[in-house]
Amino acid sequence: MRAIIVHVLGDPDVLTLGSTEAPGPGPGEVLVRLHAIGVNFSDTERRRGAYDPPELPWIPGNEAAGVVEHVGHGVGAGWRGRRVAFWAPRTSGTYAEYACVSAAALFALDDGLEFPVAAALPVQGLTAYGLSHAATTLTHGSTALVHAAAGGVGVLLVQLLRNRGVRVFGTASSPAKLEIVRDLGAVPLPYGPDLPGLVRAANDGHGVDAVFDSVGRATQADSLAALAPYGHLVFFGEASGSPAPIHPDELYGRSLKVSSFWLATDPPERWAPARRELQRWILDGALRVTLGDTLPLAEAAEAHRRLEQRRTHGKVLLVP
């Protein structure tokens, strides 16, 4: 099969197209012929060796959508020929024509869901769902600030929060991205040293009940400053670097809470209801997936450049 094979960690140019043997499914696994491949910022971090450096040679990627071609021992034959999507961080890479994945991680796709949309759900969709439905308990009338609100997780998280009756403020890095945030029904806010003041000015002088921060070190101080008493800061990424240690003394004055969320904390089975609900909401029109750049597999390096230069919005995809 054709695949992006990395032999040395480094800049995007290490992502080169090559040929390798297609994997075979082990017990409990299926082999999927891929039709759309999700590109995530964590892929760029692993490529640079900044996060969970992989063993080399390495095929990047852990998210995709396609059709099951073969099943391993212990997997029902009914999966063969099924349209699926998946996120599988500990299986073979998805920047390829085929990948193997545990059957427990599969989204069984509704016939009305196209592969590009389906490929946006396993990482960003489930992360947004986990942040809005598991990591926090926001209800109708609550307020929240979402950083990188025009990004892959951000556009979905804004919608899921608003569907729960939460008033949402969203940061973005350019006028075009701020317009995307506005179109989602959130209050768009630019990054900058006066961000906490802008939040309060837009929220009747109050801080927000929760901040969802995937940026990390660059936004950490503003995230804490934007919180109302008893507010909750949730980290779920660190695009600008790891957050600095926080001393409890910084939290006492407003009784703040700081936590983190990672999709892989729970086994894949934990997210079975979320997989069904996300698809139903999309088909019902209650949730809209924003697709950004779609590039051929051979242009994986360009996809990484655009992500790292913050020149993307919504979901970035590769097509084999």
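The values are calculated or read from the model by the stated rules, or taken from the named source; none is laboratory data. All values reported here derive from a predicted model rather than from experimental measurement. Note that each Cβ is placed from the backbone with ideal geometry, even for glycine, and that neighbours are counted across all protein chains shown. With ligands, DNA and RNA removed, areas are computed over all heavy atoms of the protein, side chains included. Shrake-Rupley method; radii C 1.70, N 1.55, O 1.52, S 1.80 Å.
The set of residues in segment 223-242 being within 22 Å of the chain's Cα centre (by Cα), open to solvent by 30 Å² or more (accessible area, probe 1.4 Å) and under 24 Å from residue 133 (Cα atoms) consists of 236, 238, 239.
Among residues that are among the basic types (Lys, Arg), assigned to a helix (DSSP H, G or I) and at pLDDT 95 or above, residue 254 is not included.
Residue 317 fulfils the conditions (1) at pLDDT below 95; (2) crowded, with 20+ Cβ neighbours inside 10 Å except for a single criterion, (1). Of all residues in segment 257-298, those satisfying the criterion of being part of a loop (DSSP other than H, G, I, E, B), in contact (Cβ under 8 Å) with a residue 40 or more places away in the chain and open to solvent by less than 60 Å² (accessible area, probe 1.4 Å) are 261, 286, 287, 289, 290. For residue 45, indicate whether it is charged (D, E, K, R), under 20 Å from the mean Cα position of the chain (by Cα), crowded, with 24+ Cβ neighbours inside 10 Å and within 16 Å of residue 304 (Cβ to Cβ). Taking the combined requirement at face value, the residue does not satisfy it. The residue that is modelled with the lowest pLDDT, counting only those in segment 136-155 that are β-branched (Val, Ile, Thr) and closer than 16 Å to residue 183 by Cβ, is 155.
Let's see how each residue does on (1) open to solvent by 40 Å² or more (accessible area, probe 1.4 Å); (2) in contact with a Leu (Cβ under 7 Å, 6 or more places away or on another chain):
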site	(1), (2)
51	yes, no
54	no, no
63	no, no
71	no, no
79	yes, no
84	no, yes
104	no, no
112	yes, yes
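Of the residues making up segment 156-213, those that are polar (S, T, N, Q) and at pLDDT below 95 are 173, 174. Assessment of segment 287-294 against the conditions (at pLDDT 95 or above, of a type in the set (S, T, N, Q) and under 22 Å from residue 129 (Cβ atoms)) yields no matching residue. Taking the conditions (1) free of Cβ contacts under 8 Å to residues at least 12 places away in the same chain; (2) on the phi > 0 side of the Ramachandran plot; (3) not charged (D, E, K, R) in turn, residue 221 satisfies each one other than (2).
Within segment 88-95, does at least one residue satisfy the condition of being assigned to a loop (DSSP other than H, G, I, E, B), more than 20 Å from residue 2 (Cα to Cα) and either among the β-branched types (Val, Ile, Thr) or at pLDDT 95 or above (or both)? Among the residues of segment 88-95, not one is assigned to a loop (DSSP other than H, G, I, E, B), more than 20 Å from residue 2 (Cα to Cα) and either among the β-branched types (Val, Ile, Thr) or at pLDDT 95 or above (or both), which makes the answer no. Identify, by number, the condition in (1) surrounded by 14 or more Cβ atoms within 10 Å (Cβ to Cβ); (2) polar (S, T, N, Q); (3) under 21 Å from residue 156 (Cα atoms) that residue 220 doesn't meet. Only one criterion in (1) surrounded by 14 or more Cβ atoms within 10 Å (Cβ to Cβ); (2) polar (S, T, N, Q); (3) under 21 Å from residue 156 (Cα atoms) is unmet by residue 220, namely (3).
Scanning segment 220-227 turns up no residue that is in a helix (DSSP H, G or I), modelled with pLDDT under 95 and in contact with a Pro (Cβ under 7 Å, 6 or more places away or on another chain).
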